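The structure under discussion appears below in the form of structure tokens.
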Amino acid sequence: MTCAQVHKFAVARLYGDSASDVLQKLYSSPAATIPVVLARLEQKVDEWAKARSDMQVKMMDVRGRALKCFSMLLYFLFLFFLTA
């Protein structure tokens, strides 16, 4: 994948169906379009960072519960084999 293809893919992911219009405006008047696209990219980066931190909190909770269940299972297996 070339650098131009990566840029087109990023704009397509960012703008969805209207990506072709944005790309056309980028080629026809880049001085007016680049600040708008850059602001949108910065907004998305902030959204993704917030989503990532939210998911990390949830994953820590899930890992904690899984570890608790696993340790209980090990304890019961230990008791089972101890009495067997």
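The values are calculated or read from the model by the stated rules, or taken from the named source; none is laboratory data. Because the structure is predicted, anything quoted here is derived from the model rather than measured. Glycine also receives a Cβ, built like all others from the backbone with ideal geometry; neighbour counts cover every protein chain displayed.
Taking each residue of the range 32-51 that is more than 13 Å from residue 10 (Cα to Cα) and looking for partners that are part of a helix (DSSP H, G or I) with beta-carbon atoms closer than 9 Å, six or more apart or interchain, yields 32/25; 33/22; 33/25; 33/26; 33/27; 34/26; 36/22; 36/25. Please work out if residue 1 is under 21 Å from the mean Cα position of the chain (by Cα) and without any contact (Cβ under 8 Å) to a residue 12 or more places away in the chain. It is false that residue 1 is under 21 Å from the mean Cα position of the chain (by Cα) and without any contact (Cβ under 8 Å) to a residue 12 or more places away in the chain.
If I filter the range 1-21 down to residues being more than 19 Å from residue 48 (Cβ to Cβ) and surrounded by 10 or more Cβ atoms within 10 Å (Cβ to Cβ), which single residue comes out as modelled with the lowest pLDDT? Once the filter is applied, the top-ranked residue is 8. Screening residue 25 against (1) modelled with pLDDT of 90 or more; (2) under 18 Å from the mean Cα position of the chain (by Cα); (3) surrounded by 11 or more Cβ atoms within 10 Å (Cβ to Cβ) leaves a single unmet condition, (2).
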